[in-house]
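Right, one structure below, let's go through it.
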Amino acid sequence: MTNQPFFTRDRDAFIPTQAANGPWDPNSMHGRVVIGLLGLVIEQRHGSNDFVPARLTVDMFRLPNIQTPVEVTTRVIRDGLRIRVVEAEFISGGTSMARASCQLLRRTENAPGNVWSPPNWDAPPPAEIPAPIDPRLGMNGKWTTRPIAGRMGSLGPRRLWMSEVRELVEGVPMTPFVHVATGADFASPFANAGDEGLGYINSDVTIYLHRLPVTRWIGFEVVNHHATDGVAIGECWLYDEQGRIGTSTVAALAQKKPIAKPPPR
């Protein structure tokens with residue numbers, strides 16, 4: 001990767017770069033990098049090949065400033081034979097900005113018998129889809145996409161492939177789990193943007209995974225959006241090139257000043 005990473009490292013501190021900014025305020029951090037960094041640190045400190053990170057929930061209750069170094073703290077809530085639960089906190093300028101809870105489950109064998117599952121989607125693989133010409137797709141190079149159906153804010157089915165184009169932390173390879181965690185925030189604008197723009201900002205993300213992706217391309221398919229009294233929920237099914245891997249679900253609040261035209265994230 002030759003693009004600027006989202007963070008550099010200075011001992012225990014993570015230093016945001018300009019690439020880490022988000023769409024709501026040029027001086028605030030993008031939710032995707034907050035989620036990705038929490039996932040990265042949890043995996044580095046507490047992950048193992050014997051466990052699958054089956055659920056990651058991140059609450060984002062403040063917007064971190066991209067000029068301020070970040071510290072991530074973790075603690076183990078439960079370290080059992082089959083279930084491991086870890087909490088992490090995202091601290092910027094001495095103030096808690098977000099927190100995460102991750103449940104890791106030990107790998108074993110599937111239970112006997114057959115269980116119904118929804119059919120796999122019929123999307124073409126990303127290699128067969130031309131790269132978008134519009135440089136704004138992927139917020140001017142924060143990631144890259146291969147659109148399948150619909151677009152941000154269109155009324156109807158929406159599907160696309162997404163892949164990262166830069167490191168989360170300089171010099172640290174992005175693992176499959178970090179790849180999913182960094183991209184999962186996309187479920188909010190993809191599911192919640194409407195024909196008059198993106199009027200919701202998400203306050204959390206929950207990822208459920210039954211397995212980790214085996215390729216760098218993550219597929220997003222909008223399967224839910226509902227809103228009442230300014231509170232919205234949105235959900236996307238997540239795929240890799242072999243099939244469905246899990247879901248990304250968000251809660252979001254209506255903004256007084258929505259983004260007039262949904263950014264082509």
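The values are calculated or read from the model by the stated rules, or taken from the named source; none is laboratory data. Note that the coordinates shown come from a computational prediction; the quantities given were computed from them, not determined experimentally. Glycine also receives a Cβ, built like all others from the backbone with ideal geometry; neighbour counts cover every protein chain displayed. We work out accessible area using only protein heavy atoms, side chains counted, and drop any ligands, DNA or RNA first. Shrake-Rupley method; radii C 1.70, N 1.55, O 1.52, S 1.80 Å.
Here are a few things to note about the model shown:
- For the stretch 1-54, a residue qualifies if it is among the basic types (Lys, Arg) and either open to solvent by 10 Å² or more (accessible area, probe 1.4 Å) or farther than 26 Å from Ala251 by Cβ (or both), and the qualifying residues are Arg9, Arg11, Arg45.
- The set of residues in the stretch 70-86 that are touching a Pro at 6+ places or on another chain (Cβ under 8 Å) and open to solvent by 50 Å² or more (accessible area, probe 1.4 Å) is empty.
- All conditions but one from (1) surrounded by 14 or more Cβ atoms within 10 Å (Cβ to Cβ); (2) touching a helix residue (DSSP H, G or I) at 6+ places or on another chain (Cβ under 7 Å) apply to Glu89; the one that does not is (2).
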